[in-house]
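**Student:** Please find one structure pasted underneath; my questions will follow.
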Amino acid sequence: MYVMICVWVVVGLWVLGYNSQAAYAAESEMPPQMLFGMPRWVVFGWLIPLGMANVFTIWFCLRFMKDEPMEELPEEE
Amino acid sequence: MTASLHILASAAGNAALISFAVYMVFVFVLAGLANREQSGKSFLNEYFLGSRNLGMWAFAFTYAATSASGGSFMGFPSLIYTHGWVMALWIAGYIVVPLVAVGLIAKRLNQVARKSGSITVPEVLRKRLGSEMVGTVATVLLVFFQFFFLLAQFKAGAKIMTTLLGDVSVYQSAVTLVGDLIHPIPWVGSAEPDYLLCLIVFAISVVAYTAWGGFRAVVWTDMMQGVIMGLGVVILLGLALNQVGGIGNATRELARQVPPRAGSATLMLKTEPTEVVTLVKGTWLELPEKKGRQQFVRLKDLAKFSGGQRVVENVPVILVRTSVENETEISSIRSQINDELGVGVSSLDVVGYQYGDDRTGVYVSAPGPKSNSGLGFLPIMLAVSFFCFWPFAGAAQPSYMARQMAFKDIPTLRHSIIFVAVYFSMIYFPLIIIFTCGRVLLPGWEIDADRIMPEMATLLTTNAGVPWLAGLLVAAPFAAVMSSVDSFLLLVSGSVVRDVYQRRNPDASEAKMKKVTYWTTIGVGALAMVAMLNPPQFLQDLIVFGSGGLGASFLMPVVLALYWPRLTSQATVAGMLSGGGAMAIFYLIGYVVNGKFSGYELLSLHPFIWSVAVSAVVMMVVARNSPPIQAVLVEKYFGNTDLKQ
């Protein structure tokens, strides 16, 4: 459980911290700063954290999450 | 031009009807197969949890499809279209939804549900805490808040069907017949006949296959619906990027856009008409260029000139002011202008957005334009709220919890989380690109932004010369709505049957339980349909209230019940009531302050955040001051544990 909360905090600090500057300042940039055809803040403040979170999720599920036997159902089932 | 567009629209309409018919046949075949699976198994366990043996694809698809409701394919595109790229920040919490919402409780919830033999969320809480009161309060709150969802999805389903079948001649005849039939009936007669017909067909279809096939039918149809949604998004993305001239071109044109102004206009015909002249909703009129912006007026409603009448006043319109450099946007508008109308605008009275009027760059930055707030669409504190809302309100939705109780083993869970993470990335990111392109390819849809999804599907496929494909693409949001409705329907009926009826009639035979289950599912569906005959206008607020209320009521009680041995039944009841109650109070304050049904955002934070905080504090205080639960229950679910921790 603590790992999930840590991931949420880290991604939150990245996305909200970066975008509180970049995304809210982008309105005054004309022409807009772009990367891969998108506003630059979308790439650094959303797309890259999304990719990183997905990589972490794959690692977490395949390497970190432990297998355990499932509980037997009670008699009434 | 008009005739050819009509033929294309008819072709798309017939294709939509065929797609819809094929889709419904598949749905009922799957329900029939699911019904056959029920023989020889414990009825309730199979009907409500599919015998807890969901494999990877079934679990992953049913979770993703239930999550991607009508809101994802109708409301979300409408918001992207209206506010631009800031929606990436609004939805940013979804980056961690698969890991946090699924990973936080799925494993433990599944184990506790198995150990206690529970089928519903209230039952898990009741057995874990050993308290009837906990189960009763949980059932009441679940049915209350979940019903708002059900209502909203019924309306969305019926609305999509009206768009899907709008040009089909058989459908138009049926609408006329329904209109004649309901006209003399009080209250029912005030419903729009096309909406009513679609609502009835939608409700009967979804209730029938859900009641017939139960959870397994819902899961199997979710898988099919999930594939349709994914396929629809991929095709739309390819067509949109191709037709807009690449994403870079779309972003550059978007950056030069300013929000439209709304108001009314006086229209004047160039010559006196000899017969009635009608300008349909959506008609474009071109005005002279001003300060480097080409100006266009678009009608928000129809305008009618009677014979001999040259002037019509107070016609609701929007004024779109496009940069002369926006070639794609201007060419799109001009292709829709009928030069033979002979109509001009003699006067115009419009007002701009409170945030973003006359400002370029608002569609490619935060906080995004907003018509009725000077703070913009997404002030930073609201962005923080939504970053908390999506993963944690998501984790606490009972409809998702029901799925987390049904997977068969840990490898299934593990692979499903990976699948859902990739699936969500492939749905939400492309949707943002598609509908920011939509602002360039289909300007002026602020007049009815909720229709942007089917309109884009029709435009893109017609331009590509494959109008039949529109049927499949419009089936995607329909599938999204259906996959949510069936899950919510089953959840509500499950709570009523298992947590109310069976508690009062513990010796009821399986045949009797079957009968009660079927009739409850049908009854809940019928009730939702009747409630939606004349739907309220503030439906989107009701949806947020419903999901926020469920999150506030269940997040802390469920998480603490799963992980904290010291939790008491009194604290659980207090946590559910204070969380749900706080949401209700914030909405009540919002109603008084804002004059409409909306949550009061104290310090710009969403009411959900405050409600969860209230629930957590109340639970901690009550737990410290109430007697512990029976030691045997703690030992059953946590092993030998020191209760002083």
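The values are calculated or read from the model by the stated rules, or taken from the named source; none is laboratory data. Since the structure is predicted, the reported quantities are computational estimates derived from the model, not experimental observations. Quick reminder, even Gly has a Cβ in these numbers, built from the backbone with ideal geometry, and neighbours come from all protein chains shown.
**Student:** When you scan region B:464-503, how many residues do you find that are surrounded by fewer than 22 Cβ atoms within 10 Å (Cβ to Cβ), at pLDDT 75 or above and within 29 Å of B:Gly238 (Cα to Cα)?
**Tutor:** 3
**Student:** Residue check: is A:Phe36 at the interface with chain B (Cβ under 8 Å from one of its Cβ atoms) and at positive phi?
**Tutor:** The answer is yes for A:Phe36.
**Student:** List the residue pairs whose Cβ atoms are under 7 Å apart, where the first residue sits in region B:246-275 and is within 12 Å of chain A (Cβ to nearest Cβ), the second is assigned to a strand (DSSP E or B), and the two are 6 or more positions apart or on different chains.
**Tutor:** From residues that are within 12 Å of chain A (Cβ to nearest Cβ), the pairs are B:Ile247/A:Met38; B:Gly248/A:Met34; B:Thr251/A:Met34; B:Thr251/A:Met38; B:Thr251/A:Pro39; B:Arg256/B:Ser323; B:Val258/B:Arg321.
**Student:** Inspect all residues belonging to region B:88-105 and state whether any of them is in contact with a strand residue (DSSP E or B) (Cβ under 9 Å, 6 or more places away or on another chain) and modelled with pLDDT of 90 or more.
**Tutor:** yes
**Student:** Looking at B:Ser205, B:Ser264, can you tell me which residue is assigned by TED's automatic domain parsing to the domain that holds B:Ile333 and either outside any helix (DSSP H, G or I) or not acidic (Asp, Glu) (or both)? Full working, then the answer.
**Tutor:** Values: B:Ser205 fails: assigned by TED's automatic domain parsing to the domain that holds B:Ile333.
Testing whether each residue is assigned by TED's automatic domain parsing to the domain that holds B:Ile333 and either outside any helix (DSSP H, G or I) or not acidic (Asp, Glu) (or both) leaves just B:Ser264.
**Student:** Tell me whether region A:22-37 contains one or more residues that are within 29 Å of B:Arg414 (Cα to Cα) and part of a helix (DSSP H, G or I). If you could, list the steps in order and put the result at the bottom.
**Tutor:** Here is the first cut: in region A:22-37, the ones within 29 Å of B:Arg414 (Cα to Cα) are none.
Checking region A:22-37: not a single residue is within 29 Å of B:Arg414 (Cα to Cα) and part of a helix (DSSP H, G or I).
**Student:** Kindly provide the set of residues from region B:232-276 that are over 26 Å from the mean Cα position of the chain (by Cα), small (Gly, Ala, Ser), within 18 Å of A:Phe36 (Cβ to Cβ) and surrounded by fewer than 17 Cβ atoms within 10 Å (Cβ to Cβ), ordered by number.
**Tutor:** Residues satisfying the conditions are B:Gly245, B:Gly246, B:Gly248.
**Student:** Here's a follow-up. Name the residues in region A:39-48 that are within 7 Å of chain B (Cβ to nearest Cβ) and assigned to a helix (DSSP H, G or I), would you?
**Tutor:** Passing the criteria: A:Val42, A:Trp46.
Results for (1) facing chain B (nearest Cβ under 7 Å); (2) over 14 Å from B:Phe387 (Cβ atoms); (3) in contact with a Pro (Cβ under 9 Å, 6 or more places away or on another chain); (4) surrounded by 17 or more Cβ atoms within 10 Å (Cβ to Cβ), shown as yes or no for each residue.
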| site | (1), (2), (3), (4) |
| --- | --- |
| A:Tyr2 | no, yes, no, no |
| A:Val7 | yes, no, no, yes |
| A:Gly12 | yes, no, no, yes |
| A:Gln21 | no, yes, no, no |
| A:Pro32 | yes, yes, yes, yes |
| A:Glu68 | yes, yes, no, no |
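**Student:** State whether one or more residues within region B:164-171 are in the same structural domain as B:Gly523 (by TED's automatic domain parsing), closer than 17 Å to B:Phe202 by Cα, at pLDDT below 85 and crowded, with 23+ Cβ neighbours inside 10 Å.
**Tutor:** Yes, because at least one residue in region B:164-171 is in the same structural domain as B:Gly523 (by TED's automatic domain parsing), closer than 17 Å to B:Phe202 by Cα, at pLDDT below 85 and crowded, with 23+ Cβ neighbours inside 10 Å.
**Student:** Can you pull out every residue in region B:358-383 that is under 26 Å from the mean Cα position of the chain (by Cα), assigned to a loop (DSSP other than H, G, I, E, B) and crowded, with 21+ Cβ neighbours inside 10 Å?
**Tutor:** Quick first cut of region B:358-383, residues under 26 Å from the mean Cα position of the chain (by Cα) only: B:362-373, B:375-383.
Restricting the remaining residues to those that are assigned to a loop (DSSP other than H, G, I, E, B) gives B:365-369, B:371-373, B:375-379.
Hits for region B:358-383 are B:Ser365, B:Ala366, B:Pro367, B:Gly368, B:Pro369, B:Gly376, B:Phe377, B:Leu378.
**Student:** How about region B:389-403: which of its residues are under 26 Å from B:Trp90 (Cβ atoms) and either among the β-branched types (Val, Ile, Thr) or not in a loop (DSSP other than H, G, I, E, B) (or both)?
**Tutor:** B:Phe389, B:Trp390, B:Pro391, B:Phe392, B:Ala393, B:Gly394, B:Ala395, B:Pro398, B:Ser399, B:Tyr400, B:Met401, B:Arg403
**Student:** Conditions: (1) crowded, with 24+ Cβ neighbours inside 10 Å; (2) of a type in the set (Asp, Glu); (3) over 19 Å from B:Gly157 (Cβ atoms). B:Glu446 meets all but one. Number of the miss?
**Tutor:** Evaluating B:Glu446 over (1) crowded, with 24+ Cβ neighbours inside 10 Å; (2) of a type in the set (Asp, Glu); (3) over 19 Å from B:Gly157 (Cβ atoms) leaves (1) as the failure.
**Student:** Let me ask you something else. Please determine whether any residue of region B:182-191 is in contact (Cβ under 8 Å) with a residue 12 or more places away in the chain and either among the aromatic types (Phe, Trp, Tyr) or touching a strand residue (DSSP E or B) at 6+ places or on another chain (Cβ under 6 Å) (or both).
**Tutor:** Checking region B:182-191: at least one residue is in contact (Cβ under 8 Å) with a residue 12 or more places away in the chain and either among the aromatic types (Phe, Trp, Tyr) or touching a strand residue (DSSP E or B) at 6+ places or on another chain (Cβ under 6 Å) (or both).
For every residue, the table says whether it meets (1) more than 14 Å from chain A (Cβ to nearest Cβ); (2) touching a His at 6+ places or on another chain (Cβ under 9 Å); (3) touching a residue at least 40 places away in the same chain (Cβ under 8 Å).
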residue: B:Glu289; (1), (2), (3): yes, no, no
residue: B:Gly292; (1), (2), (3): no, no, no
residue: B:Leu302; (1), (2), (3): yes, no, no
residue: B:Asn338; (1), (2), (3): yes, no, yes
residue: B:Gly344; (1), (2), (3): yes, no, yes
residue: B:Asn372; (1), (2), (3): yes, no, no
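**Student:** Taking the options B:Gly599, B:Gly551, name whichever one is at pLDDT 90 or above and under 20 Å from the mean Cα position of the chain (by Cα). Break it down stepwise before answering.
**Tutor:** Numbers: B:Gly599 fails: at pLDDT 90 or above.
It is B:Gly551.
**Student:** If the requirement is being in contact with a helix residue (DSSP H, G or I) (Cβ under 9 Å, 6 or more places away or on another chain) and either at pLDDT below 90 or part of a loop (DSSP other than H, G, I, E, B) (or both), which of these qualifies: B:Met529, B:Met556? Steps first, please.
**Tutor:** Numbers: B:Met556 fails: either at pLDDT below 90 or part of a loop (DSSP other than H, G, I, E, B) (or both).
Just one listed residue meets the conditions, B:Met529.
**Student:** Give me the pairs: first residue in region B:485-499 and on the phi > 0 side of the Ramachandran plot, second residue modelled with pLDDT under 80, beta-carbon distance under 9 Å, and six or more apart or on different chains, which are they?
**Tutor:** As it stands, the answer is none, since no pair meets every condition given.
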